[in-house]
């Protein structure tokens, strides 16, 4: 699983047209409701300074402790399916992670609006308390009681995480403009590093200290992350009133054919793109049960995704966001068929993990940027939030549906799962290419 990327944040800077002044580089503007009393130049992005880089540090810690844990769900899934929840089907176990992503996505737009109204001073610690409490509750869940994992890991943790992770992404452009690509890199890497660290911790610590204490150690790490974030993350722009519900999402966007094909392509792509994150480790354990590499495939995948979510964004500046998004998604689908479907050999699985991590990254990094490129400036935030909400059902349905293929864990059954994933990815790619074609032809609906 990947987190949304740097180009979403680049797009939000288009909304900040205030001219930079020398005073902007030195001071943090206090949260206030009296916007008319504040000179716009006083909260223009300073592109540096101690407070700005401390905010980068804090948001990176948030990304590590929230979406990093979501990225590492494959490590949880392997343990649940083999030991802790072995009395349940793989489909039901995979729904824990699927619901986790669903809750994150469905509340993405609302979380940003709440953050704008409340500010980080209260929302970040409140989010941290919720996330840490969810992890401590997860540590005392009992084997064979899957409803406890759903309540703690899928619902409570994700509700807490979404109200800090997504707003953190939108906060960085308040501090940076020209240097925004450099500021986004740490936040993007934080989520991927979490996807590397947490599965390895689970594999190494559970046999030594047990599931409960392993989760408590992770909870204390997450608590430390949020303490740092609470002390370092600062608001720069004034708060604004919470908008009415109908303004959180731009439902009129579905009258624009370019947006419709883009959103539909993203729906089918996200329906399939998470399956390697959830099932690659279990597939490797089925194909090579005694291999010492089995716990590390997800870590390899997340490691290469760091580059996959940063480098293509730089390339997209020169060759186009839609071009990079379409080509990388097509390559991801081809890799599923060419490497994952055709072989159980460890070298091929390592190659697939590394390549898929890189080429699946641009989907999450560039999707919001593509939405912003075809949207009116005043509707960018609403459309991005609406796109995440639109994709949320696919995240919830995709992995459980594919899990039906492996009720009995055999290589042929896994191959059915892999082929189904590839078909979904190819359908999504086709819709993305149509969206690109419409954009290039400038065929837009009147909104």
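Please list, short to long, the whole-number percent of alpha-carbon pairs of the range 80-235 in consecutive 10 angstrom bins beginning at zero.
The percentages, shortest bin first, are 10, 36, 35, 15, 4, 0.
Counting alpha carbon pairs within less than 8 Å and at least 6 residues apart, what relative contact order, in whole percent, applies to the range 6-441? Don't jump to the answer; show the numbers that get you there.
Numbers: 777 pairs, mean separation 117.6, N = 436.
Here the relative contact order equals 27 percent.
Of all alpha-carbon pairs in the range 335-424, indicate the percentage at a distance above 19 angstrom. Mind showing how you got there, number by number?
On the way: 2244 of 4005 pairs.
Summing the P(r) tail past 19 Å for the range 335-424 gives 56 percent.
By counting other Cβ atoms within 10 Å of each Cβ, how are 305, 343 ranked from fewest to most? It would help to have the intermediate numbers written out before the result.
On the way: 305 31, 343 14.
Neighbour counts put them in this order, fewest first: 343, 305.
Give me the Kirkwood hydrodynamic radius of the range 6-441, using the inverse of the mean 1/r over all pairs of distinct Cα atoms, in Å to one decimal.
Details: mean 1/r = 0.0457 Å⁻¹.
Answer for the range 6-441: a Kirkwood hydrodynamic radius of 21.9 Å.
Report the Cα-based extents of the range 304-360 along its three principal axes, largest first, to the nearest Å.
Sorted from largest, the Cα extents of the range 304-360 read 38, 19, 10 Å.
Return the whole-Å distance between the Cα centroid of the range 84-132 and the Cα centroid of the range 259-322.
20 Å
Reported to two decimal places, what Rg/Rh ratio describes the range 68-117 when computed on Cα atoms with Rh from the Kirkwood expression? All intermediate terms of the calculation are to be shown ahead of the outcome.
On the way: Rg = 14.2 Å, Rh = 12.2 Å.
Radius of gyration relative to Kirkwood radius: 1.16.
Every number here is computed from the coordinates shown, using simple stated rules; none is lab data. Here the structure is a predicted model, which means the values were calculated and not measured. No Cβ is skipped: glycine too gets one built from the backbone with ideal geometry, and neighbour counts run over all protein chains shown.
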